[in-house]
1. For the chain, what is the number of Lys pairs with C-alpha distance below 24 angstrom, counting only pairs 8 or more positions apart or on separate chains?
2. Helix-only estimate, please: 222 nm mean residue ellipticity of the chain, summing -39500 (n - 2.57) across DSSP H runs of length 4 or more and dividing by its residues, to the nearest 500.
3. If you project the alpha carbons of the chain onto the principal axes, what extent comes out on each, in Å, largest first?
4. Scale the Cα Rg of segment 215-290 by the rule-of-thumb value 2.2 N^0.38 Å and send over the ratio, two decimals.
5. Given a Förster distance of 30 Å, report the FRET efficiency between Lys204 and Arg68 from their Cβ-Cβ distance, rounded to the nearest 0.05.
6. Can you bin segment 169-238 into rounded, prolate or oblate? Criterion: square roots of the alpha carbon gyration tensor eigenvalues sorted a ≥ b ≥ c, rounded for a/c under 1.5, prolate for a/b above b/c, oblate for the rest.
7. Below 8 Å, C-alpha to C-alpha, sequence gap of six or more: please give me the relative contact order for the chain in percent.
8. If you take the square roots of the eigenvalues of the alpha-carbon gyration tensor of segment 19-111 and sort them as a ≥ b ≥ c, do you get rounded (a/c under 1.5), prolate (a/b over b/c) or oblate?
Amino acid sequence: MLFDSFQGAVREEVPLAPYTWLQLGGNAKYFAEPTDVEQLQGLVCLANAKGVAIRVLGGGSNILVRDRSFDGLVLHLSAPAFEKISVEGNQVKCGGGTRLAHLITRCVGAGLGGLEHLVGIPGSVGGALRNNSSTDEGDIGTWLKSATLLSREGNLVRVEGGDVAFSHRRSSLDELVILDATFELQPGDVRQLTKREQTFWILKRSKQPNYPARSALAFIDPDGISAAELIQRTGVSGMIEGSVQFNTTYPNYITANTGATSEQVLGLLDRAQKSIQQKTGFVLQPHLVVW
Ligand SMILES: Cc1cc2nc3c(=O)[nH]c(=O)nc-3n(C[C@H](O)[C@H](O)[C@H](O)COP(=O)(O)OP(=O)(O)OC[C@H]3O[C@@H](n4cnc5c(N)ncnc54)[C@H](O)[C@@H]3O)c2cc1C
């Protein structure tokens with residue numbers, strides 16, 4: 001096997017569905033869970049040398065894997081080396097594979113505020129930075145001080161937060177891997193921050209389908225109006241394609257039921273997009289990244 005020298009860090013023909021929230025899609029030809037940055041760099045260099053395409057998987061909450069297999073290498077930062085969190089003064093550094101939920105809990109426990117409104121957003125810190133995860137209270141990018149990235153060529157690159165462009169659900173952090181991130185936060189009272197976190201958690205739970213529903217956000221909000229409002233206004237709410245449906249309670253979410261396929265998700269998003277464009281003129285962009 002191509003990656004034999006990586007001592008069990010790489011498996012072949014691994015189904016990706018269990019790694020994503022929608023639980024759909026085909027296999028990855030190669031699936032790697034490197035133990036540390038050095039091994040990750042080695043994998044990237046070998047894949048490059050052999051012309052193997054590479055993709056990075058976080059918590060899988062914003063990825064739609066197509067039904068056919070991906071003929072390349074998927075990198076998953078699941079090893080402890082990519083999930084470390086350390087606190088120094090008002091700065092918190094964490095690995096790109098850290099669950100966002102763990103980071104927030106640690107920050108709140110350390111009396112550092114700023115990220116607690118993001119509680120309840122599924123996924124990893126790497127995914128949250130790539131997509132610039134946000135709520136009505138703000139985005140994650142606001143708090144980024146610096147990050148270490150791995151370039152597509154396998155080189156380590158350090159970026160300062162101020163040099164990264166963040167906009168609604170987008171960032172310019174488009175190197176291959178976000179390895180770690182340092183956030184500069186606001187000192188606060190642990191009890192008050194915990195209360196805030198709990199309040200945001202309750203609010204978030206009331207606005208999204210609860211896990212383990214096979215759900216995902218459908219569209220990015222366009223300027224000036226929410227996608228949810230457009231979905232409701234145009235009768236797209238509840239729209240069905242095969243076994244995939246727009247959630248009637250939480251309008252901008254789609255849910256995959258038993259028998260669902262990725263093709264059905266794509267078909268549903270396409271129909272919804274066209275219908276909304278026809279009725280309102282808004283051309284909505286899918287929130288999901290399609291693999
Ligand atoms: C129920 C539900 C509620 C949600 N609510 C919100 C919300 O309130 N606000 C919001 O902004 N989003 C929300 N989302 C969307 C989603 O949770 C976010 O986009 C999240 O940040 C994705 O993180 P992830 O680790 O799951 O990334 P994935 O889905 O695994 O990947 C998403 C993208 O990030 C890239 N990526 C992941 N990790 C890395 C890394 N370490 N380095 C480089 N690239 C990486 C992937 O290659 C892919 O392009 C919600 C999703 C669901 C299912």
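Values in this text are rule-based calculations from the coordinates and carry no lab data. Computed from a predicted structure; not experimentally measured. Using ideal geometry, Cβ is built from the backbone for each residue, glycine included, and neighbour counts are taken over all protein chains shown.
1. 7
2. -8000 deg cm²/dmol
3. Result for the chain: principal-axis Cα extents of 53, 51, 32 Å.
4. Normalised by 2.2 N^0.38 Å, the Cα Rg of segment 215-290 equals 0.98.
5. After rounding, the FRET efficiency stands at 0.30.
6. Note, shape of segment 169-238 comes out oblate.
7. 16
8. oblate
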